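S.K.: The structure follows.
The values are calculated or read from the model by the stated rules, or taken from the named source; none is laboratory data. This is a predicted model, so every value here is computed, not measured. Here the Cβ is made from the backbone with ideal geometry for all residues, glycine too, and neighbour counts use every protein chain on show. Just so you know, the surface numbers come from the protein's heavy atoms only, side chains and all, with ligands and any DNA or RNA stripped out. Shrake-Rupley method; radii C 1.70, N 1.55, O 1.52, S 1.80 Å.
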Amino acid sequence: MPRRPSRLSRLAGMDRTELRWRVQTRGRTLIDRCRTQLTPPRWNRGDLLEALDPSPAMRASREALQAGEWLLAHRELSRHFVRAPQRFVIGADTKSKVTGAVRGDFPGSPAHAVARGDRLLAGEYDLLGYRGLHFDDSTSATVDWHLDPVHGRRPPRRFWSTVPYLAPECGDHKIIWELNRHQHWLTLGRAFWLTDDRRYRERFVNELDSWLVANPPLVGINWSSMLELALRSLSWIWALHFFVEDPSAADAGAPSDSRPWTLDLMLAIDRQLNQIERNLSRYFSPNTHLLGEGLALYVSGAVLPELAASPRRQEVGRHVLLTEIDRQIAKDGGHLERSTHYHRYALDFYMLALAVARITNDPAADTFAEAVSRLGFAARVLADDHGRLPHIGDDDGGMLMPMTGRSADDVVDSLAIAASLVNRPELAVGRGPEEVHWMLSHPEATAASTPRLPSPAAFIGSVALAETGYYVSRTASGHHLVIDGGAHGYQNAGHAHADALSITFSVGGVPLLIDAGTGCYTTNPAVRDRFRSTEFHNTLTIDDRPQSIPNGPFHWSHIANGSVRRWRTHQRFDYFDGTHDGFGRLAHRRCVLSLHDDLVIVADLVDGPGVPSAATYWQMDPRWTLEIDTANAVFTQGQRVVTLTVSQGAIESFSADTESGLGWHSPVYGRIEGTTTLRVSRRDAAPFWMVSVFGLDPHNAVTGVQILPARQTGLSLALRIVRTGSTDELSIADPASPVDRIGDACTDAAMLFHRRNRSQGVECVALVDGSAVHTAGPEPLDLDLPHRVATFFAADVHRPLPFTEDRPCAALPVS
């Protein structure tokens, strides 16, 4: 099995380009470190003179800078920004349009913006899964930008490359970084634009001042991650366009700035972008880290021609974003980190790049649009009909534009923006939200014919994202089943979980079977490993072993990769058959039949030597109540009722259990709450099957599930499901025996399902990859299709379906 390579083997595997890049990067870092030790770094407004572009548009600002007249330089720079053509998604030219549209379409938004903005004025920050965090500096009335208030820890303030930010004694770097992304400045900007209350602008200026004092160049944790510098730079670009004002307004009687904050902001943006350029994550984290860094370089380069380095940065960022499309985005649109959360990051990154490219007439817009279309489609498939993503893989709780307080798994805004950007209304879920106005107010951002608040179009049915490895069964009634059948992760699989063949399931838009989430990254290694373990996912363990074994917070010493034998979809049902290689000589095969709005049957085969023990786990969303009776469980949520019936063994229930560690979930990074985990165990000579049947039709409830003897090997399955109004039978063939007699059915199908009513009449039949069926009984089923078909379904079958001729089972055709 794949193992984490040693440092020596990684070095041996590097080509000359990578070696040269690493040597140069390390050399620059050592030189910078020596310089900071000899001369403590500080911010110098005069350095902005060299950073500004020497164009006529900057002459007045440059002359004031050269004379050391900071406020005059600030006034000239502010006047330029207000009057220059708009190159970002918001600006002075579109302020009245944005605020008018938001007030008109969302009358409650101003009050909502005030409520969120006032909490920031009071020093209360909602970050990740935490609410009302305070970062007060005990020595001043400013923010402590290096504090993790949850754990009461601070990392050392030393040269950026020597800060051990992953060490638990430094606190949770995610909390510190989330504050220092300054994305809450978008919240302040929203409140300022919708109310014209200058307190929100003043809070921004105060925070900018205090951040610069606490974070001199290259010193401290806030310089340690290039992605964090990138996201912070993007927030500062938003802030510049939210808060810059024409000094002529001050001449007319409006309050004037007493601090030259535009100089400080532009100087610090330039310095941070320079740091990103010199340390791009080309080899360290060439995933969404690299995408975010490329995005910051591209957007800043396109939007801020006032900086001399902008043309180069735009070119570098554009090249990163274009090159990484084929490296990180599968043909089916899935992001190859195989985390729904990081998929959302990638989608939002390319949407902002696309909007800016169109505004600035960059030909790269067409390629960015293709990426947005692919990512948007996969996001729509993975999200349920309320726009919620299942928590597959890591969820770090972050977002690119958390302006309105939307939860990280709610992608309604991203889907609506994508729908407008690429003119695919079928991507939208419901009416577009407020964020569409903030992102798409510029007339060049989208095609003129594209609606700003799209309405959803046709229903998107069941889809396989086969290259990414997700198989999604959807129904028009809102049932949404996602099966993970693909590879473990991307490159070092840092954001993957041990979740091969796991499923998530929403019923009528309400999650029922959930991924337990992430919990944390580095502060508690035991929690980190537990939340990405196999038993915290809706899949199976053998001999209490996980499928994949972690090695540190972002690596693995042993991984399981899934492979799919069959994925078949029909208007009435979907069928999945897959396996993975995580248990060595023992194999786990999972077959899932989703009979739309009726049943979900999950059949797990354990095969191999010996007498292994196996356990299936089901993680339950806490919104449902639960009643258990040995082999049956009843889930209730409002008027919705779902039953679970198992073939063998008793259903065990664990709720917030500290002894077993089961019964917990993390709805968002940093928050851990109690829920219920169900476990069904069996120990037997392999091969053996374990079956879980979820009943969705209360008018034909499941009362029992029985595995019947199969004629061939134990690798085939014959299952009888007893219900209040019918008897259902499911047959799954041994892959090595295409013609088989399973139970009372003789068929060449890989999967056969049929239902008999109380009078023994056949009501419906479904098959996969077959052509013929013959059953015994008082009213036999005889079906002979002219050729082998991938899927077949017939309902309301009250008389036998005839063969063209009567043939024994052994004579059925074999393809």
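S.K.: Pick from the stretch 675-733 the residues that are part of a strand (DSSP E or B), polar (S, T, N, Q) and touching a Gly at 6+ places or on another chain (Cβ under 8 Å): which of them is surrounded by the most Cβ atoms within 10 Å (Cβ to Cβ)? Break it down into steps so the answer makes sense when it comes.
M.R.: Pass one, the stretch 675-733, residues part of a strand (DSSP E or B): 676-683, 688-695, 702-708, 710, 717-723, 726-732.
Then keep just the ones that are polar (S, T, N, Q); that gives 676-677, 681, 692, 703, 706, 726-727, 731.
With the extra rule that they be touching a Gly at 6+ places or on another chain (Cβ under 8 Å), the set shrinks to 676-677, 681, 731.
Numbers: 676: 24, 677: 24, 681: 17, 731: 28.
Going through the qualifying residues, I end up with 731.
S.K.: Name the residue, out of 507, 527, that is surrounded by fewer than 21 Cβ atoms within 10 Å (Cβ to Cβ) and at pLDDT 95 or above.
M.R.: Being surrounded by fewer than 21 Cβ atoms within 10 Å (Cβ to Cβ) and at pLDDT 95 or above holds for just one of 507, 527, which is 527.
S.K.: What is the number of the single condition among (1) touching a helix residue (DSSP H, G or I) at 6+ places or on another chain (Cβ under 9 Å); (2) under 15 Å from residue 663 (Cα atoms); (3) of a type in the set (D, E, K, R) that residue 598 does not meet?
M.R.: (2)
S.K.: A further question follows. Kindly provide the set of residues from the stretch 307-323 that are open to solvent by 10 Å² or more (accessible area, probe 1.4 Å) and not hydrophobic (A, V, I, L, M, F, W, C), ordered by number. Full working, then the answer.
M.R.: Start the filter on the stretch 307-323 by keeping residues that are open to solvent by 10 Å² or more (accessible area, probe 1.4 Å), which leaves 308-309, 311-312, 314-316, 318-319, 322-323.
Within the stretch 307-323, 311, 312, 314, 315, 318, 319, 323 qualify.
S.K.: Kindly provide the set of residues from the stretch 489-539 that are of a type in the set (Ser, Thr, Tyr) and assigned to a strand (DSSP E or B), ordered by number. Before you say what the answer is, go through the steps one by one.
M.R.: Looking only at the stretch 489-539, we keep the residues that are of a type in the set (Ser, Thr, Tyr), and these are 490, 502, 504, 506, 518, 521-523, 533-534, 539.
Residues satisfying the conditions are 504, 506.
S.K.: Looking at the stretch 162-179, can you tell me whether even one residue there is in a helix (DSSP H, G or I), free of Cβ contacts under 8 Å to residues at least 24 places away in the same chain and surrounded by fewer than 20 Cβ atoms within 10 Å (Cβ to Cβ)?
M.R.: Within the stretch 162-179, one or more residues are in a helix (DSSP H, G or I), free of Cβ contacts under 8 Å to residues at least 24 places away in the same chain and surrounded by fewer than 20 Cβ atoms within 10 Å (Cβ to Cβ).
S.K.: Another one. Answer yes if at least one residue in the stretch 308-317 is small (Gly, Ala, Ser), touching a strand residue (DSSP E or B) at 6+ places or on another chain (Cβ under 9 Å) and not in a loop (DSSP other than H, G, I, E, B), and no otherwise.
M.R.: Checked against the condition, which is being small (Gly, Ala, Ser), touching a strand residue (DSSP E or B) at 6+ places or on another chain (Cβ under 9 Å) and not in a loop (DSSP other than H, G, I, E, B), the stretch 308-317 yields no hits at all.
S.K.: Scan (1) more than 19 Å from residue 707 (Cβ to Cβ); (2) at pLDDT 95 or above for the single condition residue 646 breaks and write down its number.
M.R.: Single failed check for residue 646: (1).
S.K.: If you don't mind, there's one more thing I want to ask. Please pick out the residue among 400, 354, 347 that is under 18 Å from residue 482 (Cβ atoms) and in contact with a helix residue (DSSP H, G or I) (Cβ under 7 Å, 6 or more places away or on another chain).
M.R.: Checking each option against the conditions leaves just 347.
S.K.: Spot the failing condition for residue 435; the list is (1) touching a helix residue (DSSP H, G or I) at 6+ places or on another chain (Cβ under 6 Å); (2) surrounded by 23 or more Cβ atoms within 10 Å (Cβ to Cβ), and only one is missed.
M.R.: (2)
S.K.: Sticking with this one: Only one of these is within 19 Å of the chain's Cα centre (by Cα), buried (at least 24 other Cβ atoms within 10 Å of the Cβ) and either assigned to a helix (DSSP H, G or I) or on the phi > 0 side of the Ramachandran plot (or both): 290, 297. Name it.
M.R.: Numbers: 297 fails: within 19 Å of the chain's Cα centre (by Cα).
Answer to the selection: 290.
To keep it simple, each residue is scored yes or no on (1) part of a loop (DSSP other than H, G, I, E, B); (2) of a type outside the set (A, V, I, L, M, F, W, C); (3) surrounded by fewer than 16 Cβ atoms within 10 Å (Cβ to Cβ).
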site	(1), (2), (3)
131	no, yes, yes
145	yes, no, no
150	yes, no, no
155	yes, yes, no
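S.K.: Quick one: which residue in 115, 141 is over 30 Å from residue 361 (Cβ atoms), open to solvent by 50 Å² or more (accessible area, probe 1.4 Å) and modelled with pLDDT of 95 or more?
M.R.: 115
S.K.: Determine whether residue 661 is surrounded by fewer than 18 Cβ atoms within 10 Å (Cβ to Cβ) and on the phi > 0 side of the Ramachandran plot.
M.R.: Spelling it out, residue 661 is indeed surrounded by fewer than 18 Cβ atoms within 10 Å (Cβ to Cβ) and on the phi > 0 side of the Ramachandran plot.
S.K.: Please indicate, with yes or no, whether at least one residue in the stretch 424-440 is more than 13 Å from the chain's Cα centre (by Cα), closer than 27 Å to residue 177 by Cα and at pLDDT below 95.
M.R.: For the stretch 424-440, residues more than 13 Å from the chain's Cα centre (by Cα), closer than 27 Å to residue 177 by Cα and at pLDDT below 95: absent.
S.K.: Pick out the one residue from 776, 749 that is under 19 Å from residue 576 (Cα atoms), hydrophobic (A, V, I, L, M, F, W, C) and touching a residue at least 24 places away in the same chain (Cβ under 8 Å).
M.R.: 749
S.K.: Residue by residue through the stretch 540-564, note down the ones that are under 22 Å from residue 608 (Cβ atoms), in contact with a Ser or Thr (Cβ under 8 Å, 6 or more places away or on another chain), assigned to a loop (DSSP other than H, G, I, E, B) and open to solvent by 10 Å² or more (accessible area, probe 1.4 Å).
M.R.: Result: 543, 544, 546, 559.
So that you can scan it fast, the table gives a plain yes or no per residue for (1) part of a strand (DSSP E or B); (2) surrounded by fewer than 21 Cβ atoms within 10 Å (Cβ to Cβ):
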residue	(1), (2)
582	no, no
589	yes, no
592	yes, no
597	no, yes
611	no, yes
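S.K.: Going residue by residue through the stretch 237-245, is there one that turns out to be over 26 Å from residue 17 (Cα atoms), part of a helix (DSSP H, G or I), open to solvent by 20 Å² or more (accessible area, probe 1.4 Å) and touching a residue at least 24 places away in the same chain (Cβ under 8 Å)?
M.R.: yes
S.K.: Which condition does residue 248 not pass, out of (1) modelled with pLDDT of 95 or more; (2) open to solvent by 30 Å² or more (accessible area, probe 1.4 Å), if it passes all the others?
M.R.: It fails just one condition, (1).
S.K.: Out of the residues in the stretch 325-336 that are of a type outside the set (A, V, I, L, M, F, W, C) and open to solvent by 10 Å² or more (accessible area, probe 1.4 Å), state the one that is farthest from residue 281 (Cα to Cα). Let's see the steps before the verdict.
M.R.: So the first thing to find is which residues in the stretch 325-336 are of a type outside the set (A, V, I, L, M, F, W, C), and the list is 326-328, 331-335.
The next check asks that each one be open to solvent by 10 Å² or more (accessible area, probe 1.4 Å); those that pass are 326-327, 331-332.
Numbers: 326: 17, 327: 14, 331: 24, 332: 25 Å.
The selected residue is 332.
S.K.: Quick one: in the stretch 180-220, which of the residues that are in a helix (DSSP H, G or I) and charged (D, E, K, R) is most open to solvent (accessible area, probe 1.4 Å)?
M.R.: So the residue we want is 199.
S.K.: Please give the helices (runs of 4 or more DSSP H) falling wholly within the stretch 17-96 in which 1 or more residues are touching a strand residue (DSSP E or B) at 6+ places or on another chain (Cβ under 8 Å) and closer than 28 Å to residue 249 by Cα.
M.R.: Where helices (runs of 4 or more DSSP H) fall fully within the stretch 17-96 and carry at least 1 residues being touching a strand residue (DSSP E or B) at 6+ places or on another chain (Cβ under 8 Å) and closer than 28 Å to residue 249 by Cα, they are 48-51, 59-66.
S.K.: While we're on this one: Scanning for something among the hydroxyl-bearing types (Ser, Thr, Tyr), at pLDDT below 95, outside any helix (DSSP H, G or I) and farther than 22 Å from residue 195 by Cα, does the stretch 3-14 turn up at least one residue?
M.R.: Yes, the conditions are met somewhere in the stretch 3-14.
S.K.: Still on this structure, I have one more. Of the residues 371, 418, 378, only one is crowded, with 24+ Cβ neighbours inside 10 Å, touching a His at 6+ places or on another chain (Cβ under 9 Å), modelled with pLDDT of 95 or more and of a type in the set (A, V, I, L, M); which?
M.R.: Selected residue: 378, the only one of 371, 418, 378 that is crowded, with 24+ Cβ neighbours inside 10 Å, touching a His at 6+ places or on another chain (Cβ under 9 Å), modelled with pLDDT of 95 or more and of a type in the set (A, V, I, L, M).
S.K.: Scan (1) within 23 Å of residue 718 (Cβ to Cβ); (2) surrounded by fewer than 18 Cβ atoms within 10 Å (Cβ to Cβ); (3) in contact with an Asp or Glu (Cβ under 7 Å, 6 or more places away or on another chain); (4) not aromatic (Phe, Trp, Tyr) for the single condition residue 616 breaks and write down its number.
M.R.: (2)
S.K.: Hey, another quick one. Please tell me if residue 37 is over 38 Å from the mean Cα position of the chain (by Cα), modelled with pLDDT under 95 and not small (Gly, Ala, Ser). First the steps, then the outcome.
M.R.: Numbers: over 38 Å from the mean Cα position of the chain (by Cα): yes; modelled with pLDDT under 95: yes; not small (Gly, Ala, Ser): yes.
In short, yes.
S.K.: Could you check the stretch 89-112 and list, in sequence order, the residues that are modelled with pLDDT of 95 or more and β-branched (Val, Ile, Thr)?
M.R.: Within the stretch 89-112, 89, 90, 98, 99, 102 meet the criteria.
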